[in-house]
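What follows draws every value from the coordinates through simple rules; no lab data is involved. In this text, all values refer to a predicted model and were calculated from it rather than measured experimentally. Quick reminder, even Gly has a Cβ in these numbers, built from the backbone with ideal geometry, and neighbours come from all protein chains shown.
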Amino acid sequence: MVVNGFVNVCITTIEKKYNLRSTDTGLIAGAYDMASVLCCVPVSYLGSRVGSSKPRWLGWGIFIMGVGSFVFTLPHFISPAYNPSSTTTTSGGIGSVLLCLKEGTTRESQCTVLVENWLSSFRHIFVMGQFLHGVGASPLYTLGVTYLDESVEVKMSSMYLGIFYAMAVVGPAAGYVLGGQFLKVYIDSPNIHPDTFGVEPVSDLWLGAWFGVEPVSDLWLGAWWIGFLLSGTISVLISWPIMAFPALLPGAKAIKATRVSEAHNSGQTLQHSHTSSSSSSRGIGGGGGGFGRLRDLPQAVRVLAVNPTFLALSLAGATEGILLAGFATFTPKFLENQFSMPASLAALIVGFVAVPAGGGGTMIGGWIIKRLQLTCSGILKMCIIFSMVCLLACFTFVISCPNTPFAGVNVDFVNRSTSTALPNLTSLCNGDCECNNLPYDPVCGSNNVMYFSPCHAGCGGMVRAPDGVKVFTGCKCMSPHSPLLAVGAEAGDPRLAPDSALREKCPSTCSLMPIFLAIFFVVMMLTFIISLPALSGTLRCVPDSHRSFALGLQWIVIRLLGTIPGPILFGSLFDNTCTLWQNTCGRGGACRSYDNFYMSRYMMGTSILFKFLSTILFFLAWWLYVAPPSPPPPDPPPNTATGPPTTISDTPAPPQYPPQPPPQIV
């Protein structure tokens, strides 16, 4: 819920508040996996040693995750309060400096009053918080999985693991939904007072209209930090009961004694697995660990390194990890820009799609394995089939919506044509307004066109609506004679006069969102159907004594080659589609406008490429897998009438008769 829910929901918010690029936020998201890479091997090794308690490792990990959530919220409490306009005046309060100046007046240089770009340095604290999240979560998907698998019968293992991973999907989905609701609360509520910026108070605290900004405005920032305080508190509280679980659940020893290995047969590997299994079973709490001495570690690595099925599954997991990490981080941002919706609504939609798609897909994958009683080879074939179907569904990203008209960015002020001179925010209608170096304060005009600020729209006045929202009036760039209106742009809010503007995003006229969400649902469900079979295949293709360590190594490969570069790669792709960078007084910052066409094409090309690679790798995992020889049939019971007794029993012995003489030949 925290790492793949709250963090991904607040990506756009912290970009705007702390002046970060998508590459920066991708690095923040990747810090979780960086920590997992560093901790996976020592945690999986030490936690699976003879005498080690897996629940104790899990409990301390959850406690560290809670601490990481508290660290992640620190920038909110130690940074200045958010000012939507990023500037103030001593006379007119917020807003007066953003208007077009009257003839004969001059504007004070805003470079002397703007907040310095030092806010971007808070990204280091975000990275530290995410790093602690990764440290705390490292035992969960290695020791936690093997602790669960060794405690249930083989035929029920896939169902229990399906429930476990379904909860790992429901959690982030709940994070999207709750995080979206928290984003409807103003970012500084309830700590900030209107007098801080010289504005009149408004009674509705939750809508936060003190600055004339509604949640639909591009300047609105929600209370992203509430979810982290909540999750941090819960994590610290539940960590202590988890530590109290026993090292082995009742019945685990009996289950392990009846387990039949399906490890990949490569001669020496099989022989080593028998030796390791027999030796590890003598330990207390070893349960799938195997090697209890540090000098056994290189041998364990070599056993896994010569297992081609394990290597192919690990690389396939890395390619899947690139897509899952990238989609989880930037899908809300994709919806925000493609369909012109607020961050809270985008997060809510992603949450509602992820719950049935991710949770249902994981449960379906486990149910198929149990229903068909699939062996390791059958599981790998299942991965190939669903990966091929998912590859075809990735073409859904060909769907894209037209860009919202943005004067001076993707359309000219005087016509709808684009040119190499864009972006150019200066035109005849605002040339005498002195709009240079003003902060980003977008408005939607009555002609349904976005403008960089009220000044760039040529607005000379401002009034408040009854609900406290600012309405800018007298905007010269959208007068009835504006060519933008003449080309048929749809009328905006009916409350507005023909030359007025609102501080909000222009509504999107694109009707493709239901189609996109339906196909995206299919892609996500197919992806999560594969996840559990791939995990089951990994657990079955390695020796039982190496399962914890194998999962640890596999997670290192997945993170190094998948989930760490994934968000950074997607962030770089988003940055490449940017059409307007925030650049105030020579300082760079966050992107303010994206090109929808190239954004969707980049997403489609990336998803098709890595889905194709994962399909090939699943095929290689099946092709190179060699099943172990079938165990010989059990020996028939000895004949107790003629042979010596094999056990001591209270049952009376059968009567003994004297030997008969041999027959005589007459």
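A few remarks follow.
- Taking amide H as placed 1.01 Å from N in the peptide plane, PHE413 has its amide H under 5 Å from the amide H of GLY408, each at least 5 places away in sequence or on another chain.
- Pairs from the list LYS381/LYS611; LYS370/LYS611; LYS17/LYS333; LYS17/LYS505 with a Cα-Cα gap above 24 Å: LYS370/LYS611.
- Virtual spin-label span in nm between ASN437 and TRP623, 7 Å along Cα→Cβ: 6.4 nm
- Each label point was placed 7 Å from the Cα along the Cα-to-Cβ direction; for VAL522 and THR375 their separation is 3.4 nm.
- Amide H contacts of VAL626 (H built 1.01 Å from N, under 5 Å, at least 5 apart or other chain): ASN265
- Order by protection proxy (mean Cβ within 10 Å, highest first), peptides 54-61, 134-141: 134-141, 54-61
- Length added when fully stretched, ASN424-LEU229, from 0.36 nm per residue minus Cα-Cα: 65.9 nm
- Backbone amide hydrogens, once placed in the peptide plane, bring SER593 within less than 5 Å of THR579, LEU580, excluding anything fewer than 5 places away on its chain.
- Mean-position separation - Cα centroids, segment 607-623 and segment 567-583, in angstrom: 28 Å
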